[in-house]
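Trainee: First, the structure itself, so that you have it in front of you.
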Amino acid sequence: MSMQNIEMREALRQAIDEEMTRDANVFILGEEVAQYNGAYKVTKGLLAKYGEKRVIDTPISELSFAGIAVGAAMTGLRPIVEFMSFNFSYLATDQIINTAAKMHYMSGGRFSVPIVFRGPNGAAAQVACTHSQSLEALYANFPGLIVIAPSNAYDGKGLLKSAIRNPNPVIFLEHELIYGDRMDIPTEEYLVPIGKANIVTRGTDITIVSWSRTMKMCKAAQEELAKQGISVELIDARTIKPLDLDTIATSVQKTHFCLVVEEGHAFAGIGAEVGFEIQDTCFDALDAPVARVCQLETPMPYSKILEAESLPNVARIIKAAHNTLSR
Amino acid sequence: MTDFYPSNSDAIIRSLGRERLTAILQKMLLIRHFELRAEAAYQQGHIGGFFHSYVGQEAIQTAACEVIDHTNWFATSYRCHALALLLGATPDALMAELFGKESGNAHGRGGSMHMFSDHMLGGFGIVSNQISAAAGAAFSAKYRGTKEISVCFLGDGAMAQGTFHETLNLSSLWSLPCLFVVENNEWGMGTHVSRAVANSEQFSGLLAKAYNIESMKLDGMDFFNCYGGFEEAYKKVRTSGRPFVIECLTERFKGHSISDPGLYRTKEDLKRCMERDPIPLLKNTLVAKGIITEADYEAIDKACRERVLASLKFADESPFPGLKTLGTGVYVEEGP
């Protein structure tokens, strides 16, 4: 298999490019996606290749360009909506939640909304509280939405292609701080299935579950813990909804310990959901309560030192693993 | 005096002819009977939730659906029973939906505020929710190079929502063939339009002009004025591929919803506006012109009443959805 070493942003770009070539009904719109080549360059070169009919700059009107995309999806097209930051998707929630998520059910199956809302989610570097939010727990709360949060270029490309082909509305959460991460991925076309977690490292002592950027911290923690003689089974959830509980539960049945690492807040977060499901399905197998490392319960502060303190980090993950294992 | 689009009733009557005019009157009466009977069924406990009646406004959507071919796209607010009826949903399917039955328009999932047909995107439950989605249907048509336009009905209350402004801007910037029809019944629930929208009497026209969109005002109680205006606007949207704004001045004879006793307007005001009931206005014109007789009208009225009574029977006798189907349709299950 021939390989290419590319950044996450390029992998995502290739996914959009390949799907636009494959299906003439796929188009992309959003702020600065066309002439500016994307605020984070995910759409670089697409305007030159596909023209302004299919790569469309919008004014700063999130609610209405999202709604136009939803209406286009209801009438046969397959829009990709880029939010320059998922923080801006709040403006569009009426269309995402009230129309896209509910339309198929509410219309008795008459209309579907095959659409992808994508863009960077989570904390970047010192952009403070309005620009640092993790929205997976918010969107995963609504039946009708699929929520995906890849951690690397391979998954990013394969999952975005699957998302574009999916007949349902998909929230596709990228991360600004990993757009530049490089990885060897196949040059040939491939898909990554939605709803399948990935076991990144096999282990026997504790299961650690995460997704998106915090997977990097978990990998570093896993390597450090290995040196200390603790064998971590590290799982990248990849898809938040539908969550691959089978893979997580099978792992916990084996390791008897579980730690969830989430960049977002603890309260009513994805970690709370995973923890609940694990106590529900693995109650007898657990040798300690399910543990969480999350963002602390404050709006994100600007100051570098406070921001770092608020977010999960390798040291907190290692400490939480020790606490859970009591060793 | 509002400057309405100068339609020519006599020319419209000549062009439509007796058969179509009779059918139009029948459609308006079917809506009227449907709404009144459904309201009664609500009060008897057969129907729940919110229920927004179209009584008083029938001339507008009836005229629009008479002019504009049903292969175009349509969307409206939660006051949506009439549009679904006009676009081919049967009284049976709509009444069964109100009753929450499996045979309903959305299999009991949508209810009064969320009704559909193959080219009616909704029935949108949130004020202004339909506006950008309707523009999206116009976007689709333009993208594919097909000739449909999109027709978006909204109330006067939605004029104050930001998405109306955003969507007019985008529709003009992108030249989307979308006809926005503001049905100004003067009341956003209990708040008069003059308390909700600045410069309300001139608002829609000036707003459209700001976005370089043509507009007109129509007398929403006068079927012929609506018909003439929609004919002109439909032609303009189709030939120019550009958006267009119509404001229809109208009156709803009922409360905002079934639970609204309408205490904000006096009985005298309501009586005065009901003097311009669009159905008698149309009927009296047709009788005066010798196109139909009183007896013809009685026969149509009776047939509509019976049709709606049959739909009540159908809805009542239809089974509720199976409890095992509760989770069906949350996601589209078939592959792409």
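Trainee: State all residues of the stretch A:86-121 that are basic (Lys, Arg) and within 14 Å of chain B (Cβ to nearest Cβ); if no residue qualifies, say none.
Mentor: Keep residues of the stretch A:86-121 that are basic (Lys, Arg), which gives A:102, A:110, A:118.
Correct list: A:LYS102, A:ARG110.
Trainee: Could I ask something else about it? Would you point out the residue of the stretch A:37-56, among those that are in a loop (DSSP other than H, G, I, E, B) and hydroxyl-bearing (Ser, Thr, Tyr), that is nearest to the other protein chains (Cβ to nearest Cβ)? Walk me through it before giving the result.
Mentor: In the first step, residues of the stretch A:37-56 are kept if they are in a loop (DSSP other than H, G, I, E, B); the result is A:37-45, A:51-54.
Checking the rest, the ones that are also hydroxyl-bearing (Ser, Thr, Tyr) come to A:40, A:43.
On the way: A:TYR40: 23, A:THR43: 18 Å.
Within the stretch A:37-56, the match that is nearest to the other protein chains (Cβ to nearest Cβ) is A:THR43.
Trainee: Can you tell me which residue among A:GLU277, A:GLU273 is among the acidic types (Asp, Glu), under 21 Å from A:GLY203 (Cβ atoms) and part of a helix (DSSP H, G or I)? Talk me through it step by step, then tell me what you get.
Mentor: On the way: A:GLU273 fails: under 21 Å from A:GLY203 (Cβ atoms).
Exactly one residue qualifies, and that residue is A:GLU277.
Trainee: Provide a single number: the residues in the stretch A:146-195 that are hydrophobic (A, V, I, L, M, F, W, C), over 14 Å from the mean Cα position of the chain (by Cα) and away from chain B (no Cβ under 13 Å). Give the steps one after another, and end with the answer.
Mentor: Narrowing the stretch A:146-195 to residues hydrophobic (A, V, I, L, M, F, W, C): A:146-149, A:153, A:159-160, A:163-164, A:170-173, A:177-178, A:183, A:185, A:191-192, A:194.
Still in the running and over 14 Å from the mean Cα position of the chain (by Cα): A:164, A:183, A:185, A:191.
Checking which are away from chain B (no Cβ under 13 Å) leaves us with A:183, A:185.
Residues in the stretch A:146-195 being hydrophobic (A, V, I, L, M, F, W, C), over 14 Å from the mean Cα position of the chain (by Cα) and away from chain B (no Cβ under 13 Å): 2 in total.
Trainee: Now a separate question. Go through the stretch A:200-235 and report how many residues are part of a helix (DSSP H, G or I), over 20 Å from the mean Cα position of the chain (by Cα) and under 20 Å from A:CYS282 (Cβ atoms).
Mentor: The first filter runs over the stretch A:200-235 and keeps only residues part of a helix (DSSP H, G or I), leaving A:214-227.
Add one more test, that the residue is over 20 Å from the mean Cα position of the chain (by Cα), and what stays is A:221-227.
With the extra rule that they be under 20 Å from A:CYS282 (Cβ atoms), the set shrinks to none.
Going through the stretch A:200-235 one residue at a time, the tally reaches 0.
Trainee: Okay, moving on. I'd like the residue in the stretch B:141-177 that is of a type in the set (A, V, I, L, M) and within 11 Å of another protein chain (Cβ to nearest Cβ) and, out of all such residues, is surrounded by the most Cβ atoms within 10 Å (Cβ to Cβ). Spell out how you get there, then give the answer.
Mentor: Initially, the stretch B:141-177 is screened for residues of a type in the set (A, V, I, L, M), giving B:141, B:149, B:151, B:154, B:158-160, B:168, B:170, B:173, B:176.
Subset that is within 11 Å of another protein chain (Cβ to nearest Cβ): B:141, B:168, B:170, B:173, B:176.
Working: B:ALA141: 22, B:LEU168: 25, B:LEU170: 25, B:LEU173: 14, B:LEU176: 27.
Here the residue is B:LEU176.
Trainee: Going through the stretch A:266-288 one residue at a time, which ones are touching a helix residue (DSSP H, G or I) at 6+ places or on another chain (Cβ under 8 Å) and either surrounded by fewer than 13 Cβ atoms within 10 Å (Cβ to Cβ) or within 19 Å of A:SER326 (Cα to Cα) (or both)?
Mentor: Of everything in the stretch A:266-288, those that are touching a helix residue (DSSP H, G or I) at 6+ places or on another chain (Cβ under 8 Å) and either surrounded by fewer than 13 Cβ atoms within 10 Å (Cβ to Cβ) or within 19 Å of A:SER326 (Cα to Cα) (or both) turn out to be A:ALA268, A:ALA285, A:LEU286, A:ALA288.
Trainee: Select, from B:LEU309, B:LEU326, B:LEU263, the only residue that is in contact with a Lys or Arg (Cβ under 9 Å, 6 or more places away or on another chain) and surrounded by fewer than 18 Cβ atoms within 10 Å (Cβ to Cβ).
Mentor: Working: B:LEU326 fails: in contact with a Lys or Arg (Cβ under 9 Å, 6 or more places away or on another chain); B:LEU263 fails: in contact with a Lys or Arg (Cβ under 9 Å, 6 or more places away or on another chain).
Of the residues listed, the single one that is in contact with a Lys or Arg (Cβ under 9 Å, 6 or more places away or on another chain) and surrounded by fewer than 18 Cβ atoms within 10 Å (Cβ to Cβ) is B:LEU309.
Trainee: Being within 13 Å of chain B (Cβ to nearest Cβ), crowded, with 21+ Cβ neighbours inside 10 Å and aliphatic (A, V, I, L, M) is the filter here; which residues of the stretch A:57-85 pass it?
Mentor: So in the stretch A:57-85, the residues within 13 Å of chain B (Cβ to nearest Cβ) come out as A:57-79, A:81.
Adding the requirement that they be crowded, with 21+ Cβ neighbours inside 10 Å leaves A:58, A:61-75, A:77-79, A:81.
Correct list: A:LEU63, A:ALA66, A:ILE68, A:ALA69, A:VAL70, A:ALA72, A:ALA73, A:MET74, A:LEU77, A:VAL81.
Trainee: Here's something else I'd like to know. Suppose we keep only residues that are of a type in the set (S, T, N, Q) and not in a helix (DSSP H, G or I) within the stretch A:58-93. Which one would you say is farthest from A:ALA15 (Cα to Cα)? Before you say what the answer is, go through the steps one by one.
Mentor: At the first step, the residues of the stretch A:58-93 found to be of a type in the set (S, T, N, Q) are A:58, A:61, A:64, A:75, A:85, A:87, A:89, A:93.
Filter again for not in a helix (DSSP H, G or I), leaving A:58, A:61, A:75, A:85.
Working: A:THR58: 21, A:SER61: 26, A:THR75: 23, A:SER85: 19 Å.
Going through the qualifying residues, I end up with A:SER61.
Trainee: Restrict the check to the stretch B:48-55 and report whether at least one residue is surrounded by 24 or more Cβ atoms within 10 Å (Cβ to Cβ), in a loop (DSSP other than H, G, I, E, B), of a type outside the set (Lys, Arg) and out of contact with any helix residue (DSSP H, G or I) (no Cβ under 6 Å at 6 or more places or on another chain).
Mentor: no
Trainee: Regarding A:ALA237, is this residue farther than 30 Å from B:TYR331 by Cβ, assigned by TED's automatic domain parsing to the domain that holds A:ASP287 and small (Gly, Ala, Ser)? It would help to see each step written out before you state the result.
Mentor: Numbers: farther than 30 Å from B:TYR331 by Cβ: no; assigned by TED's automatic domain parsing to the domain that holds A:ASP287: yes; small (Gly, Ala, Ser): yes.
So A:ALA237 does not fit the description; no.
Trainee: Let me ask something else about it. Tally the residues that are surrounded by fewer than 20 Cβ atoms within 10 Å (Cβ to Cβ), touching a residue at least 40 places away in the same chain (Cβ under 8 Å) and out of contact with any strand residue (DSSP E or B) (no Cβ under 8 Å at 6 or more places or on another chain), restricting the search to the stretch B:204-225.
Mentor: 2
Trainee: Can you tell which of B:PHE223, B:PHE180 is within 15 Å of B:ILE246 (Cβ to Cβ) and within 14 Å of another protein chain (Cβ to nearest Cβ)? Walk me through it before giving the result.
Mentor: Numbers: B:PHE223 fails: within 14 Å of another protein chain (Cβ to nearest Cβ).
Residue meeting the stated conditions: B:PHE180.
Trainee: Filter the stretch B:84-121 down to residues that are facing chain A (nearest Cβ under 9 Å) and among the polar types (S, T, N, Q), then give me how many there are.
Mentor: Adding up the residues that qualify gives 2.
Trainee: Sticking with this one: Every residue in the stretch A:122-145 that is within 23 Å of A:GLN295 (Cα to Cα) and within 11 Å of chain B (Cβ to nearest Cβ), please. Please lay out each step first, then the result.
Mentor: Step one: list which residues in the stretch A:122-145 are within 23 Å of A:GLN295 (Cα to Cα), which gives A:122-142.
Within the stretch A:122-145, A:PHE142 is the sole residue that qualifies.
Trainee: Using the structure shown, decide if B:THR22 is at pLDDT below 95 and among the hydroxyl-bearing types (Ser, Thr, Tyr). Quick ask: steps written out before the conclusion?
Mentor: Working: at pLDDT below 95: no; among the hydroxyl-bearing types (Ser, Thr, Tyr): yes.
Against the criterion (at pLDDT below 95 and among the hydroxyl-bearing types (Ser, Thr, Tyr)), B:THR22 does not qualify.
The values are calculated or read from the model by the stated rules, or taken from the named source; none is laboratory data. Just so it is clear, the model here is predicted, and its values are computed rather than measured. Every residue, glycine among them, receives a Cβ derived from its backbone with ideal geometry; neighbour counts consider all protein chains shown.
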